[in-house]
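**Q** Sharing a structure, written as structure tokens. Questions coming.
The values are calculated or read from the model by the stated rules, or taken from the named source; none is laboratory data. These numbers were taken from a predicted model, which means no experiment stands behind them. Here the Cβ positions follow ideal geometry from the backbone for every residue, glycine too, while neighbour counts run over all protein chains shown.
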Amino acid sequence: MAAEPNSLLLLLSALLVNNFVLAQFLGLCPFMGVTARRDTATAMAFATTFVLTLSAGLSYLLYHGLLVPFGLGYLNIIVFIVAIAGVVQFTELYLRHASPLLHQVLGIYLPLITTNCAVLAVALLAVQQELSLWQTLVFAAGAALGFVLVMIMFAALRERLSAQVPRAFQGAPIALISAGIMALGFMGFAGIDT
Amino acid sequence: MPGANPTDLATATLPPKARSAHLLWWVNLALLPGIAVMVFTLGTAYLWQLAIAGALAVSIESACLLARGQSVRLALDGSAVVTALLIGISLPPGVSLWVLSLAVLGGVGLAKQLFGGLGHNLFNPAMVGYALVLVSFPAELAVWPADAITGATPLDIISHRQSQTFTEAVSSEQFGNWGGLPWQWINLAFLAGGCVLLVLRLARWRVVAGVLLALGAAAALTYDAGSSLSNGSPLYHWFTGATMLTAFFVATDPVTHPQSTRGQWLFGALVGLLIFVIRAYGSYPDGAAFAVLLANAAAPSLDHWTLTKTKDEPEAEDKHEDVA
């Protein structure tokens, strides 16, 4: 592997090849929880995109500006969690005043993002892979867009599930099987990021 | 419509003729020219493989139908055999029996019966079964008969030719003219069989045209007259690997492609584009199975998107670029 992955490959890698939901199995709670309807899935996906990119940038600044100079790198998980919770709260406060309509649409999904493990994972992986600030933002954007893509596809797919599914498999089981087959398809992207 | 009952939607999607069961057997018949060429060029091991796959598929389907309290006669509606033949064709001749069985079980059992049987599957059963064993046992599936083309398919050769230029690789003796021997003849035969499907209206021509046009366009745009970095000409991509089989027999499964006419164009284009992207830039030599699964997963979204778009604005052309 080259030491400096170029931005496009980094984006494609996070978006398709190492898709956070389908290849790394992160963020499965919203993936299974709010995809029963398309409008909620879309709202959740875009709220997450916003928070994810912002918190990844903030985590980078905190890590390299505060933790590393003081030799406190081992505190990164705790600090990142606080940063994510902070970003979510500020986003909510800002939205409530700036755009009440959007705030109403996103509603309860905003606070739920705090517990989305994909958001924390992006911040931690960016540190682990020693990405620069720009690369961190590209990586986060790729992860977020990949999340939006599979959330919207999966929500539409779930609406098509037939009532003829054997009773033991209705609901979550057949949804998980569908997600598995989707992940199988995404495995075909292996290698396009090199 | 977004609010339509999914069950009605699924059954309504079968073209009127395909609903009468025996017409599904026409699909099997249309596969025969291609199968004949494959048996002729790659050896009679194919016949055994296809027979075993067919028998397995019908048994698994019968067992599932019995367990669900439905008529076992449905297992002979021809659809299980289509799935079995597609899986048998995709796997290299003489593949281990357990790999073949797993693929058929994954196709008929997992991708079709668990979703509610014929007309309710969200993904193409044959491609689910094939992709399942392809990612699980890549070594088993990479072995093609030595006398046919020295152990590698043309796509393998192009994918792994070191510094050879595309023209050099193509003009080497083991290669044919367009898609590599014997693949160009196999693809021509599937093209001929596929035309029967189009004439009988068992396959939507928009899907087929979308696949071939997008694949050809993507190949033409990146073709640089055969240097060592070239990804191959449109002609090569049309007549190699599983192109014709996918375009005519797999992507056209009426249940798993969109229902709106524009959705069908986009679906076909998505399949063609993904085949090219995976062939040219991915690590798998042929991407047809993955391309179809990904497009299947996108089909409901395409339907929603085109059905709602049709009412307000007729713009729908920028979608192609997003995926590349």
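**Q** Does at least one position in region B:76-85 carry a residue that is at positive phi and without any contact (Cβ under 8 Å) to a residue 60 or more places away in the chain?
**A** Yes, the conditions are met somewhere in region B:76-85.
**Q** Going through B:L132, B:L110 one at a time, which residue ends up being closer than 30 Å to B:F40 by Cα and facing chain A (nearest Cβ under 9 Å)?
**A** Working: B:L110 fails: closer than 30 Å to B:F40 by Cα.
Going through B:L132, B:L110 in turn, the sole match is B:L132.
**Q** Next question. Might you let me know whether region B:273-289 holds any residue that is more than 12 Å from chain A (Cβ to nearest Cβ) and at pLDDT 90 or above?
**A** Yes, some residue in region B:273-289 is more than 12 Å from chain A (Cβ to nearest Cβ) and at pLDDT 90 or above.
Conditions tested, residue by residue: (1) of a type in the set (A, V, I, L, M); (2) assigned to a helix (DSSP H, G or I); (3) surrounded by fewer than 19 Cβ atoms within 10 Å (Cβ to Cβ).
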{"position": "A:N19", "(1), (2), (3)": "no, no, no"}
{"position": "A:L26", "(1), (2), (3)": "yes, no, no"}
{"position": "A:A41", "(1), (2), (3)": "yes, yes, no"}
{"position": "A:T53", "(1), (2), (3)": "no, yes, no"}
{"position": "A:Y60", "(1), (2), (3)": "no, yes, no"}
{"position": "A:G71", "(1), (2), (3)": "no, no, yes"}
{"position": "A:G86", "(1), (2), (3)": "no, yes, yes"}
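**Q** State all residues of region B:24-39 that are of a type outside the set (V, I, T) and at pLDDT 85 or above; if no residue qualifies, say none.
**A** B:W25, B:W26, B:N28, B:L29, B:A30, B:L31, B:L32, B:P33, B:G34, B:A36, B:M38
**Q** Any chance you could count how many residues in region A:156-194 are touching a residue at least 24 places away in the same chain (Cβ under 8 Å) and aromatic (F, W, Y)?
**A** Residues that pass the stated criteria total 2.
**Q** Residue under question is B:V271, and the condition is that it be of a type in the set (V, I, T) and free of Cβ contacts under 8 Å to residues at least 24 places away in the same chain; does it hold?
**A** Criteria not met by B:V271.
Conditions (1) at pLDDT below 90; (2) surrounded by fewer than 16 Cβ atoms within 10 Å (Cβ to Cβ), marked per residue:
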| residue | (1), (2) |
| --- | --- |
| A:E92 | yes, no |
| A:S99 | yes, yes |
| A:Y109 | yes, no |
| A:T114 | yes, no |
| A:Q129 | yes, yes |
| A:W134 | no, yes |
| A:G142 | no, no |
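**Q** Of the residues in region A:171-194, how many are in a loop (DSSP other than H, G, I, E, B) and more than 7 Å from chain B (Cβ to nearest Cβ)? Walk me through how you get there before you give the answer.
**A** Taking region A:171-194 first, the residues in a loop (DSSP other than H, G, I, E, B) are A:171, A:190-194.
Checking which are more than 7 Å from chain B (Cβ to nearest Cβ) leaves us with A:171, A:193-194.
Summing the residues that are in a loop (DSSP other than H, G, I, E, B) and more than 7 Å from chain B (Cβ to nearest Cβ) in region A:171-194 gives 3.
**Q** Based on what the data block shows, is B:G88 in contact with a helix residue (DSSP H, G or I) (Cβ under 8 Å, 6 or more places away or on another chain) and within 14 Å of chain A (Cβ to nearest Cβ)? It would help to see each step written out before you state the result.
**A** Numbers: in contact with a helix residue (DSSP H, G or I) (Cβ under 8 Å, 6 or more places away or on another chain): yes; within 14 Å of chain A (Cβ to nearest Cβ): no.
No, not satisfied.
**Q** Can I ask one more? Can you work out which of the residues in region A:157-170 that are at the interface with another protein chain (Cβ under 7 Å from one of its Cβ atoms) and part of a helix (DSSP H, G or I) is nearest to the chain's Cα centre (by Cα)?
**A** Only one residue tops the list, namely A:L157.
**Q** Evaluate the following for A:I152: is it under 19 Å from the mean Cα position of the chain (by Cα) and away from every other protein chain (no Cβ under 11 Å)?
**A** It is false that A:I152 is under 19 Å from the mean Cα position of the chain (by Cα) and away from every other protein chain (no Cβ under 11 Å).
**Q** Hey, another quick one. Only helices (runs of 4 or more DSSP H) wholly contained in region B:186-294 count here; list those with 1 or more residues that are buried (at least 20 other Cβ atoms within 10 Å of the Cβ) and among the aliphatic types (A, V, I, L, M).
**A** Per the criteria, B:205-222, B:261-281.
**Q** So, in region B:65-109, exactly how many residues are in contact with a Gly (Cβ under 8 Å, 6 or more places away or on another chain), under 24 Å from B:H257 (Cβ atoms) and surrounded by fewer than 21 Cβ atoms within 10 Å (Cβ to Cβ)?
**A** Looking only at that region, the number is 1.
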